[in-house]
1. Count the DSSP beta bridges whose two residues both fall in region 35-146, then state the antiparallel fraction as a percent rounded to the nearest 5.
2. For a test of the definition: using alpha carbon positions, the gyration tensor, and the 1.5 limit on a/c, classify region 39-89 as rounded, prolate or oblate.
3. Using label points projected 7 Å from each Cα along Cα→Cβ, tell me how many nm separate E16 and D304, to one decimal.
4. Taking every pair of Cα atoms in the chain, average 1/r, invert it to obtain the Kirkwood radius, and report Rg/Rh to two decimals.
5. What nm distance separates the two modelled labels at F296 and E116, each placed 7 Å from Cα along Cα→Cβ?
6. Could you pull out the longest piece of the chain with no exposed loop chymotrypsin sites (Phe, Trp or Tyr not before Pro) in it, calling a site exposed if DSSP puts it outside H, G, I, E, B and it has at most 11 other Cβ atoms within 10 Å?
7. Total Lys pairs in the chain closer than 15 Å by alpha-carbon, pairs eight or more apart in sequence or interchain only?
8. Quick check: the distance between the Cα centres of region 259-317 and region 151-230, to the nearest angstrom?
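Bear in mind that the values in this text are calculations on the coordinates, not laboratory data. Computed from a prediction, not measured in an experiment: that's the story for all the values here. Every residue, glycine as well, gets a Cβ built from its backbone with ideal geometry; the counts of neighbours run over all protein chains shown.
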Amino acid sequence: MEQYTVSQLAKDMRFEGFLLVRSSDQRTGSNGSRYLDINLTDRTGEINCKMWDGTVPPPPAGTVIKVRGLVQEYNGRQQLRIERLRTVQEGDMVDMARLVPCAPEKPEDMRREIDETIDRFQSEDLKKIVREMLRLAGDDLAWFPAAQRLHHAERSGLLHHTTGMLRTAEHIISAYPFLHGDLLRAGVILHDLSKIAEMKSDELGNVSDYTRDGLLIGHLVRGVAQLAQAAKNVGVEGEIVVLLEHMIISHHGAADFGSPRQPMFPEAEALHWIDTLDARMNEMQGIMERVPEGAFSEKIWSLDRRMYHPRYVDDAP
């Protein structure tokens, strides 16, 4: 019997099947009893789980376990109450393609699109800097996710986010021809590359935690430092380097979201909104995929609101 996906789960449903461990901790309740707090995922979504048995050790993040339990609701969110769990055994028929969220396109195709974009740059200095930054990023770029939980939290998610932004940037450049197109394209390619140093991810795209560098420095500041080193490596200096540094450090838009500087020229402002749009659309697409038409989602904490899945056809009475 084919198991339900996370996106198909609903209150009072029973579930039995294989899921990937996103995170797992043993905690102590207010009454002193110990329990497991686990986040489990497949390629369609993630669900928080509780197992009220403190004798069971928490399964390691990035492993696959088999669980059986009942779907409940807690604070308006679905939660799986696990009755039994075990690790994968020899002979288990586990389809990893069902468990691991992956970008919808092959990483080699997305990387080729990025490389072809760089080939079309008119500025040789921009070509040199961007190619050097990609070289420093290394092979991990092929599978690295763009986030731990929110937008593009999937295998090859960083490439997915980057190519999605590049496609949007082309429309923006066409609509506002006064923009320096290659500068904006370069900012898109570079803005999140230092997430590779910020997060701990396995090759399945499962982020277990942030690195020391990520917690102490963060990808914006580290990105500026890496850009300065890349520019030095290829012998480029001057205004173009400072502009790219500003685009990296300001692309979150405001101090409340981690940017110590707001965008201060048009290409930096465009980068900020393209980044925000691509992230929001990816997150909302995931919400629409798990919420039935005509229904509302639970409150999405990152958006600070509930989302509605339109029917798009007025067939209501």
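1. 85 percent
2. oblate
3. 4.5 nm
4. 1.02
5. Going from the F296 label point to the E116 one covers 4.5 nm.
6. Longest stretch, sites excluded: 1-177.
7. 4
8. Centre-to-centre (Cα) distance: 19 Å.
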